[in-house]
1. What list of ³J(HN,Hα) values in whole Hz, one per residue of the stretch B:278-285 in order, does the Karplus curve 6.51 cos²θ - 1.76 cosθ + 1.60 (θ = phi - 60°) give from phi, with Gly and Pro shown as x?
2. Which order do B:Trp365, B:Trp353 fall in if you start with the one that has the fewest other Cβ atoms within 10 Å?
3. Using θ = phi - 60° and the Karplus relation 6.51 cos²θ - 1.76 cosθ + 1.60, list the HN-Hα couplings for the stretch B:193-199 in order, rounded to whole Hz, with x at every Gly or Pro.
4. What is the calculated FRET efficiency for B:Glu283 to A:Ile9, with r their C-beta to C-beta distance and R₀ = 25 Å, to the nearest 0.05?
5. Highest GNM mean-square fluctuation, chain A, Cα pairs closer than 10 Å: which of A:Gln122, A:Gln195, A:Gln168?
6. Be a star and scan the stretch B:555-579 for residues whose amide nitrogen sits under 19 Å from the point 7 Å along the Cα-to-Cβ vector of B:Tyr440.
7. Would you mind checking which residues have amide H under 5 Å from A:Ala152's amide H? H placed 1.01 Å from N; only 5 or more apart, or other chain.
8. Which whole-Hz couplings ³J(HN,Hα) result when phi for each residue of the stretch B:127-139 is put into the Karplus expression 6.51 cos²θ - 1.76 cosθ + 1.60, θ = phi - 60°, listed in order with x for Gly and Pro?
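Just so it is clear, none of the values below were taken in a lab; they were calculated from the coordinates. Remember, predicted model here, so these are calculated numbers, not experimental data. In this analysis, Cβ positions are derived from the backbone assuming ideal geometry, glycine residues included, and neighbour counts consider all displayed protein chains.
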Amino acid sequence: MTSIVKPRIAHPALPKNELGLTRRQYEGAMSTLCAGCGHDSVTAAIVEACWGLSLRPEQLAKLSGIGCSSKTTAYFVSGAHGFNAVHGRMPSIATGANAANRELCYVGVSGDGDSLSIGLGQLAHAIRRNVNMLYVIENNGVYGLTKGQFSASADVGTKSKRGEANTQPPVDPVLLALTLGATFVARSFSGDKRQLVPLLQAGMRHQGFALIDVLSPCVTFNDHEGSTKSYAFTREHYHAAVEADFIARAREIAVDYAEGESTVVTMHDGSRVRLRKLDPGYDPSDRVAAYDYIERKFADGEYVTGLIHVADGSASELHAANRTTATPLNRVPYERLSPGAAALGKLMARYR
Amino acid sequence: MQPTDTGHPDHYHRVVDCQWACPAHTDVPEYIRLIAQGRFTDAYLVNRTSNVFPGILGRVCDRPCEPACRRGRVEEKPVAICRLKRVAADHRDEVRAQLPRAAAPNGRRVACIGAGPASLTVANDLLPLGYAVTVFEQHGLSGGLMRTNIPAFRLPAEVLDEEIGAIVEMGADLRLNSPVTSLKALLADGGYDAVFVGSGAPKGKELRLPGRDDSDRIHIGIDWLHAIAFGHTQKVGERVLIIGVGNTAMDCCRSALRLGARTVKVMARKSRQFFKASEWELEDAESEGVEIVVNHAPKAFVIEGGRLTGLRFDVLEYELEDGRIVGERVLREHVEPCDDVILAIGQENAFPWIERDLGIEFDKWQVPKVDPVTFQSTRPGVFFGGDAAFGPKNIIWAVEHGHQAAISIHRHCRGLPVAERPAHAAALASRKMGLHEWSYHNEYNPAPRRLVPHVALGERFKKIKIEVELGFTPEQTALEGDRCLNCDIQTVFSAPLCIECDACIDICPVDCLTITADGTEAELVGRLKAPRRLATEPLYVSAPLKQTGRVMVKDEDLCVHCGLCAERCPTAAWDMQKSTVKIPHACDDEPTCQLPSQRQTA
Ligand SMILES: Cc1cc2nc3c(=O)[nH]c(=O)nc-3n(C[C@H](O)[C@H](O)[C@H](O)COP(=O)(O)OP(=O)(O)OC[C@H]3O[C@@H](n4cnc5c(N)ncnc54)[C@H](O)[C@@H]3O)c2cc1C
Ligand SMILES: Cc1ncc(C[n+]2csc(CCOP(=O)(O)OP(=O)(O)O)c2C)c(N)n1
Ligand code: SF4
Ligand code: SF4
Ligand code: SF4
Ligand SMILES: [Mg+2]
């Protein structure tokens, strides 16, 4: 843990967003993670993404479970709302919070252990319910916080720091999300902010559940030779299928690409994501094809990254499906929220 | 781009901007750290090696280091470097035993003309080599302009006595009241192996206007200050006008107040942005009630009944373009009544005692031709330094000239070519102590610059010798020392170690660092994480990184040396290392120049 405090001074010419804030004003507490942890880079990418969206800090709700990855919500946007749930239980907290107030921007940050081991059931149901949130898995293949045991995302054959190979097959959160009908599924790498930042922004603006699996090396327990989640291995086996640019509502699309090379997806709030296919045959709107593509690439030893699948999620989104009130519950008058014993009696009478 | 050559001795030196700007390259951050640790004697000795007169310079140095100080980049005001130097000098222990000692005579004799800072530095550097150094001084006191012109309320005599005394007691043969009236005679009869001319720029400039010769109340500034220093002048009229607005003018106006003047006006020809005086000298004068009047060009002295009663001025208006004067216009005439006028419009060299047939060439302004590196004149064995070499400068330049001339003299006397100079060298040493421990105080303190306490206005005019500045209190010293960014604790990068995790990029508070694809300088500048402010600040570019072949780029400009990049680096690819620049002096490596502790180990 670093003993030095990050000084308050900043470069005087840092660009300002629509709110007149600089990137520095979206930072949080000083990280207590190991020096060089991929998670810190993801934090920096989230800071950059929130700044770029000109998000008011109080518009953001940060949610997490337990793990090094789950600690990171403390390290960005200190003015946001936040909830640190018990291990693997963040999805239900997020679902509840979102049900109560649909106006906030929900960002969940979790780990492969938190989400794919202990919390797998919770994650599955949040996807299934299509909770309107961005769900970031900082995936390092181990339980970092408890000193590097294999997690459920560890690949077959990957070696632990002590040299033992993993024999159990991994859960791939991207395939899982595709299976469960997620409408925004992406994969990225902590060491590639150019790819990650627009994905985060698009994910925050997506209406419905957005999952980004971020390969985020554990520098202390899983960055050695023989690991399939090290910095070096990730860089070598990283295959970007689609490049995404996020274009905020007010801005124009600057460059025109030839027909077929790029597709523009308009998000619910009017912002757009321009997708540039690096693999000409790839179609990110086709869920089945996406599944197939990932499997085939994996067999060749490559991890597909980029915005793997995107579709309109607004119709099946939690609130739409349950026809809930548009007003956040904290603004619904108490008499309407709790109409009293007489109203309850009337309701019960209908079931007699 | 080509990877940066960090092995060049100037590479890290340039980051230590204060030291780079100091003519004598004083290791500023090192002594500030020593002061912060309460090690005043050590801090004094670090200073003395480079600048010879820390107590004097801690009061009156022109401080080229301060405008260069990098603190001034991240905040309004630089570190009060000069005032910290004074703290070391005021609070140190007795140091004589630790200063260089004279060596056994080497049989060579050197004459220095003038006992100003330039000559005294030559003596300081040559005595430990065994030279017999004779210093000829025309006046009855040593120190040159430091004694005769810088007023005692800025620089007390005891400080001069102490620091000059250390050199004289080393064994210099100081001959006071001994003007050199003929260099020819000195060269012919003296038996000197080398002569150093450190006679200064002793002539104050004249202002030839009607009435100039009709009153004895019109004075040349430097002569007038001299007369005050020697006690010959003890009073002045009620209304005093100072012509000129350089540092001499500032000393004249403040001296006039102490001799009893009621109203003192400094009459400037131009407007404030063109003033030559340092900002702090202007502030000090104005805070004592001196009025500075701009855009007044003197035209004639007004003499009535044989008495000086005023000075006639043209009041001017200037036409400016890009801050430069492109035209002027006279608005009206104005007569300013006065009792005394002090002319402080500049100084010149004068060498009436140097015969022109000695092989020493002069240019058409009667300035000797002096080599700017070796300080040798066109006659081998005759060297010039200080104000005598290139006209009026300041004390710290005089000291540096003295150091360089001493190197030349030592080479000359051994028959070595003077143009070959000893090289600068640089050394690096890590400041990492443990996992999260660094042997320097790296926390950034946002405190603004401290102000030195002054003697109360009413008090300070009672006697001319009352030193106005009191020096920092212990609390001020601690805070001011903390403001230093430790620019000599360098960020040193090792490309083969980097795993490109981005930790350093993400943590740097001022966004100095970028990892990006290699390219031309223009391309790299375009991809920096934060915009480049200064095109003059060279970019650091690493060798290609192992995993992606990209490069690490650092824009040194705003780095605060917080060490966070090194602290957050998992592989120690970044390290914080103290850079020491080795500045050669004539007596380096001589046992006589080493500290007692070093002498034992040698
Ligand atoms: C009013 C005033 C204020 C100043 N304030 C500052 C300041 O605050 N800070 C700063 O850094 N600088 C200041 N300076 C400048 C500084 O004093 C000089 O640049 C510096 O003293 C030059 O040193 P020097 O050794 O070259 O010569 P000097 O200091 O001029 O010494 C030359 C010596 O040589 C002697 N001499 C000359 N001719 C002969 C001869 N023929 N025989 C024997 N002896 C001879 C002179 O009597 C004199 O003692 C000031 C100058 C003036 C005029
Ligand atoms: C109910 C419960 N079981 C077990 C633990 C111990 N535990 C803490 S963190 C963690 C795994 C975290 O792994 P991951 O989510 O991948 O986070 P990482 O540290 O790798 O970022 C475990 C098993 C716990 N805190 N609570
Ligand atoms: S243990 Fe691993 S995951 Fe946890 S902070 Fe350290 S590097 Fe990151
Ligand atoms: S020491 Fe490192 S982290 Fe600190 S300002 Fe300099 S480059 Fe940035
Ligand atoms: S922290 Fe160290 S290893 Fe990581 S990118 Fe910076 S220099 Fe490289
Ligand atoms: Mg993990």
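1. With the stated coefficients, the stretch B:278-285 comes to 5, 4, 5, 6, 4, 4, 4, 5 Hz.
2. Values: B:Trp365 8, B:Trp353 17.
Ascending number of Cβ neighbours within 10 Å: B:Trp365, B:Trp353.
3. 7, 7, 10, 10, 9, x, 8
4. On the way: r = 27 Å, r/R0 = 1.07.
E(calc), rounded to 0.05, equals 0.40.
5. Most flexible of the set in this elastic network: A:Gln168.
6. From the stretch B:555-579, the list is B:555-569, B:572-579.
7. Result for A:Ala152 returns A:Ser117.
8. 4, x, 9, x, 6, 8, 10, 9, 10, 9, 10, 5, 8
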